[in-house]
Amino acid sequence: MPAVAGTPQLTISALLKQPQLISRDLVNLAYKRLIADRLFVNGGEAVGGGFRYQELESIFVDDDPTELSEGADFPITDWSETLKTANVRGFGFGTRITNYMIRRRQMDMVVRAERKLANRIVKYIDTIAMNTLTDTTTYTAIQTQAASAHWAVAGTDVIGDIAAGQQLLETKDNGYAGFDGATLVLNTVHRASLLNNTALRSALPRETQNGQIQSGMVAPFLGLKEILFTPQLATTKAVLLDTGIAGTIQDERPDASEGFVGYDPGPGFKPIYVKVEKDGDPAVHTVVYAGRWPAMALVQPDAVVVFTGVA
């Protein structure tokens with residue numbers, strides 16, 4: 001690492017010898033935009049290519065309580081569950097760092113390569129997450145509700161639509177208390193729809209320094225924990241869910257013999273694994289591989305409400 005004006009400078013050669021630093025860069029680039037890990041419960045590590053889960057595991061036993069006569073024993077009951085398997089799916093890419101880039105210390109090209117890798121990984125994983133949350137064919141218990149009108153229309157009663165969705169969550173007896181911590185997911189184009197909605201404008205504070213008029217960020221309302229935006233969700237749909245119970249995500253860790261290393265960002269997010277290899281004969285460039293191996297499933301699909309006709 002040669003010194004420039006007294007400050008150590010990380011060269012491309014040194015960076016490529018420390019793939020964990022590249023993994024950390026990718027995690028930092030993806031952290032605020034990748035929403036799959038914020039919507040699904042962390043189920044630990046997937047082993048053997050997937051994980052088993054019980055769909056629609058009720059918080060109640062099957063039978064209703066009955067009044068017992070004096071001296072009678074309690075009746076025996078059970079509970080019914082559907083056992084399924086969620087398979088691991090790999091999402092990753094490799095990008096070339098040429099010998100000329102290394103020789104000429106074109107760190108800007110490496111930075112662009114990292115950003116493009118992170119962008120693609122975010123896109124693929126979040127696309128699968130959105131497809132899972134809206135897959136009413138596989139998960140028939142997902143609840144659906146038609147929007148009262150297009151949410152892009154300034155006068156649409158978005159508050160009423162979301163309140164009705166929260167009621168659908170609460171009446172399924174999954175432990176969700178209405179107006180308490182649900183998450184709303186929208187396509188990115190609908191940020192403007194909420195900012196321009198006349199009912200929300202009049203209901204939310206405007207004078208505070210961190211209000212939506214000052215910050216441009218949509219303030220949660222009706223007890224929503226947060227509102228997330230992603231271009232991977234169809235513009236015609238919105239998703240309301242209880243993130244504490246609806247779905248599970250597990251990642252498969254690559255075997256040590258594969259040569260991947262990962263930076264562990266701590267609770268709430270998973271590593272992006274990186275491997276660096278020379279390529280070509282003779283070796284004319286270096287390939288940086290990066291990816292994840294997640295498995296996702298809706299364990300409690302009735303804790304999800306999909307709004308249709310939003311646009």
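The values are calculated or read from the model by the stated rules, or taken from the named source; none is laboratory data. Quantities reported herein were computed from a predicted structural model and do not represent experimental measurements. Because the Cβ atoms are built from the backbone with ideal geometry, glycine has one as well, and the counts that use them run over all protein chains shown.
Can you run down the residue pairs with Cβ atoms below 7 Å, 6 or more apart or on separate chains, where the first is in segment 16-33 and in the same structural domain as LYS275 (by TED's automatic domain parsing) and the partner is surrounded by 15 or more Cβ atoms within 10 Å (Cβ to Cβ) and among the polar types (S, T, N, Q)?
Here the result reads LEU16/THR286, each pair linking segment 16-33 to a residue that is surrounded by 15 or more Cβ atoms within 10 Å (Cβ to Cβ) and among the polar types (S, T, N, Q).
On the basis of being modelled with pLDDT of 95 or more, within 30 Å of SER148 (Cα to Cα) and in contact with a Leu (Cβ under 9 Å, 6 or more places away or on another chain), does ALA246 make the cut?
On the way: modelled with pLDDT of 95 or more: yes; within 30 Å of SER148 (Cα to Cα): yes; in contact with a Leu (Cβ under 9 Å, 6 or more places away or on another chain): yes.
Taking the combined requirement at face value, the residue satisfies it.
Could you identify the single residue in PHE221, PHE260 that is at pLDDT 95 or above, among the hydrophobic types (A, V, I, L, M, F, W, C) and more than 14 Å from the chain's Cα centre (by Cα)?
Values: PHE221 fails: at pLDDT 95 or above.
None of the others qualify; the one that does is PHE260.
Filter segment 142-175 down to the residues that are farther than 25 Å from ALA203 by Cα and in contact with a Leu (Cβ under 6 Å, 6 or more places away or on another chain) and list them by number.
Step one: filter segment 142-175 for residues farther than 25 Å from ALA203 by Cα, giving 142-144, 171-175.
Answer for segment 142-175, where residues must be farther than 25 Å from ALA203 by Cα and in contact with a Leu (Cβ under 6 Å, 6 or more places away or on another chain): just GLN143.
Within segment 243-259, can you find the residues that are hydroxyl-bearing (Ser, Thr, Tyr) and over 21 Å from THR85 (Cβ atoms)?
Restricting attention to segment 243-259, the residues satisfying the condition of being hydroxyl-bearing (Ser, Thr, Tyr) are 243, 248, 257.
If the condition is that a residue be hydroxyl-bearing (Ser, Thr, Tyr) and over 21 Å from THR85 (Cβ atoms), then THR243, SER257 are the ones that fit.
Considering only segment 1-112, give the helices (runs of 4 or more DSSP H) lying wholly within it that have at least 1 residues that are surrounded by 10 or more Cβ atoms within 10 Å (Cβ to Cβ) and acidic (Asp, Glu).
19-31, 36-39
Might you let me know whether segment 152-163 holds any residue that is closer than 11 Å to VAL305 by Cβ, modelled with pLDDT of 95 or more, touching a Phe, Trp or Tyr at 6+ places or on another chain (Cβ under 9 Å) and surrounded by fewer than 17 Cβ atoms within 10 Å (Cβ to Cβ)?
Within segment 152-163, the subset closer than 11 Å to VAL305 by Cβ is 161-162.
Cutting the leftovers down to modelled with pLDDT of 95 or more gives us 161-162.
In the following step, the residues that additionally are touching a Phe, Trp or Tyr at 6+ places or on another chain (Cβ under 9 Å) were identified as 161-162.
So of that shortlist, the ones also surrounded by fewer than 17 Cβ atoms within 10 Å (Cβ to Cβ) come out as none.
No: segment 152-163 contains no residue that is closer than 11 Å to VAL305 by Cβ, modelled with pLDDT of 95 or more, touching a Phe, Trp or Tyr at 6+ places or on another chain (Cβ under 9 Å) and surrounded by fewer than 17 Cβ atoms within 10 Å (Cβ to Cβ).
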